[in-house]
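Below is one structure, written out as structure tokens, with a few remarks after it.
The values are calculated or read from the model by the stated rules, or taken from the named source; none is laboratory data. Computed from a predicted structure; not experimentally measured. Cβ: placed from backbone, ideal geometry, glycine included. Neighbour counts: every protein chain shown.
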Amino acid sequence: MSKQEEAGLILKLYELRREEKMRTARDWYFRDFNPQSMADFNSAMFGAHSGHLRMVITYWDMAAALVNDGAIRLELFNNVNGEQFGVFSKIEPLLSEIRADYSPQFGAQLEKLIDATPEGRKRVAAIRERMKAVHATLAQQSAQAQTAS
């Protein structure tokens, strides 16, 4: 594939991420989706945000498939994207259970992309820890605001 065609795919992926429903789904995924167990995952999968969960994960799995199949070079993809690591960080601890309950291919393309990225698993782990810290800080601020009022 030519560099121009790759660039066109990257721009199309960006355009899709900017769509209003997708932005809402991505916001929910990063702000409110913090599964600690399969019960948490199932609650999201069968709750009001089921569409958001499925939209975000399948989007990044599809984007990863484009890289894994050679339509976009890994280096280019990772140079202009980083969100895939955050998406994967939230499901990675539960991935074997998710696959057992839903589909053995759940997130398989995304996982393959992470593993193909130099130090990809380390990046995922670091992001997961940063997200935990952010959520802890936000929870603390919320608790302080409630006691102050």
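Somewhere in the range 4-23, is a residue at pLDDT 95 or above, assigned to a loop (DSSP other than H, G, I, E, B) and in contact with a Phe, Trp or Tyr (Cβ under 7 Å, 6 or more places away or on another chain)? No, every residue in the range 4-23 fails to be at pLDDT 95 or above, assigned to a loop (DSSP other than H, G, I, E, B) and in contact with a Phe, Trp or Tyr (Cβ under 7 Å, 6 or more places away or on another chain). Taking the range 68-149 and the helices (runs of 4 or more DSSP H) fully enclosed by it, the elements with 2 or more residues that are surrounded by fewer than 15 Cβ atoms within 10 Å (Cβ to Cβ) are at 74-80, 95-101, 108-116, 120-148. Within the set 105, 109, the sole residue that is farther than 21 Å from residue 131 by Cα and in contact with an Asp or Glu (Cβ under 6 Å, 6 or more places away or on another chain) turns out to be 109. Taking every residue in the range 27-48 that is without any contact (Cβ under 8 Å) to a residue 24 or more places away in the chain and pairing it with any residue that is among the small types (Gly, Ala, Ser) and surrounded by 11 or more Cβ atoms within 10 Å (Cβ to Cβ), at least 6 positions away or on another chain, the pairs with Cβ-Cβ distances below 8 Å are 44/50. Looking at the range 35-50, is at least one residue part of a loop (DSSP other than H, G, I, E, B), within 29 Å of residue 8 (Cβ to Cβ), over 15 Å from the mean Cα position of the chain (by Cα) and polar (S, T, N, Q)? Within the range 35-50, not a single residue is part of a loop (DSSP other than H, G, I, E, B), within 29 Å of residue 8 (Cβ to Cβ), over 15 Å from the mean Cα position of the chain (by Cα) and polar (S, T, N, Q).
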